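The values are calculated or read from the model by the stated rules, or taken from the named source; none is laboratory data. A quick note: this is a predicted structure, and the numbers were derived from the prediction, not measured. Glycine gets a Cβ as well: all are built from the backbone with ideal geometry, and neighbour counts include every protein chain shown.
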Amino acid sequence: MLQMNIPGGVKLATLESLLQNEYIRFTLILIGTIIAIIVSHFILKIWVKRIAGRKKSFSEFILKQLSIPIFTLIFLIGLLFATKSLSLLIQYDEWIDTIFYILFTLIIALLASRIITVFLGTWLKVRRGLERTPHIISKVISIIIFLIALLMILGHFNIDITPLVAIGGLGALAIGLALQSTLSNFFAGLHLISDKPIRVGDFIEVEGISGFVEDIGWRSTRINTLQNNYVIIPNGKLADSTIVNNSLPKLDMKIFVDCGVAYESDLKKVEKVTIDVAREIQNTAKGAARDFEPFIRYREFGDSNINFIAVLKVEQPTDQFPVKHEFIKALKERYDKEGIEISWPIRKIYNIK
């Protein structure tokens with residue numbers, strides 16, 4: 001009750017006296033820093049949602065890349081102001097400034113590398129069709145940025161970097177001689193990214209292995225097979241191999257199904273029935289390209305059958321397996337209904353007297 005009768009000017013004076021208490025000011029700055037981090041997290045989520053749209057995985061990627069360095073930077077700024085408010089630490093100002101300069105430089109370098117990674121990934125996704133940035137690009141960018149940060153820190157301490165560059169050159173030469181294979185794979189990875197015979201997300205076939213390119217790393221490329229296993233291929237070996245990229249120039253692809261009918265069959269009827277079945281599968285099976293007209297081509301006189309191929313089209317390389325499955329089932333059922341025979345190998349034995 002007594003406090004309510006105190007004039008407003010006295011209240012302001014009391015507040016100012018509280019703020020002059022350096023420990024209270026230190027605590028308030030830290031509390032304000034935490035509030036700033038919470039608000040920045042809310043703003044960052046809104047900004048990321050506008051950029052990524054409905055793509056939840058991409059928005060999570062951006063948040064994961066940017067949230068930690070941004071929040072750490074805000075916390076360091078608040079901690080610096082809070083530390084400066086304590087008279088107890090004035091005698092250590094030079095040390096504190098040095099420590100915070102190093103921390104700020106490293107955090108800003110980390111933030112810059114991640115911002116470039118995010119925007120580079122967005123640009124590659126739009127312009128090049130890459131769902132994710134190959135890790136080798138991100139690592140090269142990070143190394144360059146952190147080298148610049150290291151030079152800035154050394155410059156802050158007035159350290160002559162010329163001897164360090166000479167020592168680094170000799171060390172790089174020794175390391176290069178010792179790691180020739182690793183460096184060969186590294187530059188082969190850069191070649192794969194620049195020449196673009198494959199991209200992350202492509203479905204490829206190489207040396208009997210087929211699967212999706214999961215990542216192009218600094219030493220090797222990971223391929224995720226249809227059995228959901230990783231096949232690790234060194235970049236140098238992959239660059240020298242013959243690669244079948246089923247995702248280029250377009251994602252859709254034609255599939256060829258080997259068939260054969262008995263020699264006694266009416267080939268005109270076989271062609272009509274097979275195309276009817278293929279057309280039905282093309283219009284109903286999941287993954288089949290709806291705008292494609294299937295056809296067949298007789299290929300050879302085989303040992304037991306007249307062999308031919310049926311040509312269909314699918315939207316994605318992995319759709320070929322279920323579409324073939326449905327086509328073979330439907331074709332066998334229709335052949336049985338139409339009385340078209342698929343022969344099996346027959347061996348005739350003649351008894352010559």
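Tell me the residue from TRP123, TRP95 that is in a helix (DSSP H, G or I), at pLDDT 85 or above and either more than 21 Å from SER40 (Cα to Cα) or in contact with an Asp or Glu (Cβ under 7 Å, 6 or more places away or on another chain) (or both), please.
On inspection, the qualifying residue turns out to be TRP95.
Being surrounded by 14 or more Cβ atoms within 10 Å (Cβ to Cβ), part of a loop (DSSP other than H, G, I, E, B) and out of contact with any His (no Cβ under 6 Å at 6 or more places or on another chain) narrows it down to one residue among ILE352, ILE342, ILE281; which is it?
Exactly one residue qualifies, and that residue is ILE342.
Determine, yes or no, whether GLY9 is small (Gly, Ala, Ser), at pLDDT 85 or above and in the same structural domain as PHE119 (by TED's automatic domain parsing).
Taking the combined requirement at face value, the residue does not satisfy it.
Quick check on GLU214: is it under 16 Å from the mean Cα position of the chain (by Cα), modelled with pLDDT of 80 or more and closer than 30 Å to ASP319 by Cβ?
Considered against the rule, which asks whether it is under 16 Å from the mean Cα position of the chain (by Cα), modelled with pLDDT of 80 or more and closer than 30 Å to ASP319 by Cβ, GLU214 comes out as yes.
Taking the stated definitions as given, is THR105 at pLDDT 85 or above, closer than 30 Å to ASN21 by Cβ and not hydrophobic (A, V, I, L, M, F, W, C)?
No.
May I ask you to say which residue of LEU248, LEU267 is on the phi < 0 side of the Ramachandran plot and within 23 Å of the chain's Cα centre (by Cα)?
Among LEU248, LEU267, only LEU248 is on the phi < 0 side of the Ramachandran plot and within 23 Å of the chain's Cα centre (by Cα).
All but one of (1) charged (D, E, K, R); (2) under 24 Å from ARG50 (Cα atoms); (3) modelled with pLDDT of 85 or more hold for ARG128, so report the exception by its number.
Among (1) charged (D, E, K, R); (2) under 24 Å from ARG50 (Cα atoms); (3) modelled with pLDDT of 85 or more, the lone unmet condition for ARG128 is (3).
Could you please give the count of residues in region 306-318 that are in contact with an Asp or Glu (Cβ under 9 Å, 6 or more places away or on another chain) and without any contact (Cβ under 8 Å) to a residue 60 or more places away in the chain?
Going through region 306-318 one residue at a time, the tally reaches 5.
Looking at (1) over 16 Å from LEU267 (Cα atoms); (2) outside any loop (DSSP other than H, G, I, E, B); (3) touching a strand residue (DSSP E or B) at 6+ places or on another chain (Cβ under 8 Å), find the lone condition where PHE292 falls short.
So the condition that PHE292 fails would be (2).
Report, by residue number, each residue of region 71-94 that is within 44 Å of the chain's Cα centre (by Cα) and closer than 17 Å to ILE24 by Cα.
Those that are within 44 Å of the chain's Cα centre (by Cα) and closer than 17 Å to ILE24 by Cα: GLY78, LEU79, LEU80, PHE81, ALA82, THR83, LYS84.
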